[in-house]
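> First, the structure itself, so that you have it in front of you.
The values are calculated or read from the model by the stated rules, or taken from the named source; none is laboratory data. Everything numeric in this text was worked out from a predicted model, so none of it was measured. As a convention, Cβ positions derive from the backbone with ideal geometry for all residues, glycine included, and neighbour counts pool all protein chains shown. The accessibility values were calculated without ligands, DNA or RNA, using every heavy atom of the protein model including side chains. Shrake-Rupley method; radii C 1.70, N 1.55, O 1.52, S 1.80 Å.
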Amino acid sequence: MSNHVDVDNEVESTSDHELDKSNNTSSEEIEQLLRLSGIEPSEVAPIVQSLYTTISLDENCGYRVIELDQHLLETLSIGDSLSFRGDENEPAVLCTATRTYEVKEAETSNTCIVVEGMKLKDDAFVEGCAERIVEKVEVKANYNTYFELKECSPRLSKLQIILEPSSFKGLEYEKSIDPDSLYDWERIQSEIQASDGEIKAALPDYLVVHYNGFYRLIAFEFEARALPLMLDLIEENSWEVDGIDKEISCESLEDIIPEPIFDILFKKYSRPSTKVKEDGTQLYEYDKPKCSRLLAQILLTACPSNNYNDFMEAWKIGSPECIPPKEEYLYGTAIVRWNSQTMRKEVTLYPEMNLPDNINQRLNELFKAKEKWTVPEITPYISKFTSRKQDVNAILTKYARPSTVNNVKYYSAKHGK
């Protein structure tokens, strides 16, 4: 492995301004150089390395200097790989198995060189050596810049874009799918700027299913068709709200919803309950906020802007009795705001997935759509930008301006009125 050496601090055998290109520095010349530099020869290790290069110092021979944090160092030390990901027109990211880093080029005030087999301080001492030993060491590359890595959120929204053409819309549409639009795992890896672990963890959230050898997005129109059918089984089978039988549900709908598709939909919209069947099989209950949110989105897709009272009534009528709608279920899918022109409270379709991936651009759009937001209202729209070091409150503190109205805390544009 090559060593990265700071010329100013490590190299004892040459000046800061010149590398020997002749490869013929003698012991006498070393002694003379030390005296000219005001360095006592006795202070210098017996082995002196004379650096030389056969290339111009503005060439780098394909090497790049990268700054690594502890996680990246540990990744390499255990033999795992690092990979750069992204298309040519995208800023590169570096990924481990579980994390994603943005890559930026930064300048360094010191000149860095890359050499192979260089001895550092402890290696340059030889017991009982009476004469100075001059070793020739070739410089492979020279740098004034390096790649700075900063952990960032995985860039996953592209999943929706690349998988949309092959999305699953129902068994009756499968013959019309273009085979060239289908994605296997290797193709997803090459195009999505995120680690393997982050991609796999996100697939259920994006409703991506591994179906017949390929990764398929479940189209909204099929999701909107499937969930009501799943919910209807509650009343048809006289199930209690926390007594949903997954096996019977899957078998009842197998002609419409293939099992892999059913599994991922059921996983998204249900959770294990405290009950089991007589044979010990787990029973489930539907996640009320998630189910109610989709039912609201179905209504809003047909009519994106509605009078608040009319919408809430229609939403209630279209929901099972066991899943009554609540305004907070709309967060991340729609916004509730006062329309000063119509002088009425309205509900407007506003899905998170349609907003920009840049945090500044996203917040600009959010504050254009609605001047003031509470933390619960805005959280679904910015939670994707959180990290181990930055939660939603930290993001709002950095990018937005707080205010309090009637003991309720709101956030608005930092430089707004």
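> Using just the alpha carbons, could you tell me how many Å³ per residue the convex hull of region 27-87 encloses?
215
> Of all DSSP beta bridges in the chain, what percent run antiparallel (nearest 5)?
Beta bridges within the chain, antiparallel portion: roughly 85 percent.
> Let me ask something else. How much accessible area per residue does region 267-417 have, in Å², with a 1.4 Å probe?
Using a 1.4 Å probe on heavy atoms only, each residue of region 267-417 averages 59 Å².
> What ³J(HN,Hα) values, in whole Hz, does the Karplus curve 6.51 cos²θ - 1.76 cosθ + 1.60 give for region 203-220 when θ = phi - 60°, with x put for Gly and Pro?
So the Karplus estimates, Gly and Pro as x, are 4, x, 5, 8, 6, 9, 10, 8, 9, 6, x, 10, 8, 10, 7, 7, 5, 4 Hz.
> Between Thr111 and residues 5 or more places away or on another chain, which pairs have amide H atoms under 5 Å apart, with H built 1.01 Å from N, and which residues are they?
Val7, Asp8
> Considering the alpha-carbon set of region 373-417 alone, what are its Rg and its Dmax in angstrom?
Final numbers for Rg and Dmax: 10.7, 33 Å.
> Shifting gears a bit: Starting from the Cα of Lys275, draw a straight line to each of the aspartates and glutamates and keep only those under 16 Å, dropping any in the same chain fewer than 8 residues away.
Cα-Cα hits under 16 Å: Glu240, Asp242, Asp245, Glu247, Glu285, Asp287.
> Against the empirical 2.2 N^0.38 Å scaling, what ratio does the C-alpha Rg of the chain come to?
1.44
> Could you work out which residue, out of Glu138, Glu43, Glu198, moves most in a Gaussian network model of the chain, that is, has the largest mean-square fluctuation with Cα springs under 10 Å?
Looking only at Glu138, Glu43, Glu198, the largest GNM fluctuation is found for Glu43.
> Would you be so kind as to identify which of Asn89, Leu163, Pro289 lies farthest towards the positive end of the dipole of the chain, taking Lys and Arg as +1 and Asp and Glu as -1 on Cβ and the Cα centre as origin?
About the Cα centre, the residue reaching furthest to the positive side is Pro289.
> Taking the simple approach of a point 7 Å from Cα along Cα-to-Cβ for both Glu328 and Glu43, what is their distance in nm?
Computed distance between label sites Glu328 and Glu43 equals 6.9 nm.
> Just how large is the dipole of the chain about the Cα centre, in debye to the nearest 20, putting +1 at every Lys and Arg Cβ and -1 at every Asp and Glu Cβ?
Dipole of the chain, to the nearest 20 debye: 2520 debye.
> Would you mind getting me the FRET efficiency between Glu105 and Cys303? Use the beta-carbon distance for r and R0 = 51 Å, nearest 0.05.
0.55
> Over the chain, what is the mean sequence separation of C-alpha contacts under 8 Å (at least six apart), divided by residue count, expressed as relative contact order in percent?
Across the chain, relative contact order equals 11 percent.
> Using helices alone, what [θ] at 222 nm do you get for the chain, with -39,500 (n - 2.57) per DSSP H run of 4 or more residues, divided over all residues and rounded to the nearest 500?
-9000 deg cm²/dmol
> If r is the Cβ-Cβ distance from Gln32 to Glu88 and R0 is 45 Å, what FRET efficiency results, to the nearest 0.05?
That gives a FRET efficiency of 0.30.
> Amide H to amide H, which residues 5 or more places from Ser157 or on other chains are under 5 Å from it, using H placed in the peptide plane?
Those qualifying (amide H under 5 Å, at least 5 residues apart or on another chain) number zero.
> With point charges of +1 on the Cβ of Lys and Arg and -1 on the Cβ of Asp and Glu, referenced to the Cα centre of region 180-248, which listed residue (Ser181, Val208, Leu229) lies farthest in the positive direction of the dipole?
Ser181
> Using θ = phi - 60° and the Karplus form 6.51 cos²θ - 1.76 cosθ + 1.60, what ³J(HN,Hα) does each residue of region 310-322 get, whole Hz, x for Gly and Pro?
For region 310-322, the Karplus-derived couplings read 5, 5, 4, 5, 5, 5, 5, 5, x, 10, x, 4, 7 Hz, x marking Gly and Pro.
> Kindly sort Val241, Val208 by accessible area of their heavy atoms, largest first, with the probe set to 1.4 Å.
Ranking Val241, Val208 by accessible area, largest first, yields Val241, Val208.
> Below 8 Å, C-alpha to C-alpha, sequence gap of six or more: please give me the relative contact order for region 344-417 in percent.
30
> Continuing with the same structure: Of Lys150/Lys290; Lys200/Lys290; Lys150/Lys414; Lys288/Lys389; Lys316/Lys414, which ones are farther than 28 Å apart at the Cα?
The pairs that break the limit, which is 28 Å between Cα atoms, are Lys150/Lys290; Lys288/Lys389; Lys316/Lys414.
> Using 1/(1 + (r/R0)^6) with R0 = 45 angstrom and r between the beta carbons of Arg388 and Ile248, what's the FRET efficiency to the nearest 0.05?
So the FRET efficiency works out to roughly 0.60.
> Given H placed 1.01 Å from N in the peptide plane, which residues other than close sequence neighbours of Ile133 have an amide H under 5 Å from its amide H?
Amide H neighbours of Ile133, under 5 Å, 5+ apart: Ile47, Val48.
> Right, next: Counting only protein heavy atoms and a 1.4 Å probe, tell me what percentage of region 25-147's accessible area is made up of carbon and sulfur.
47
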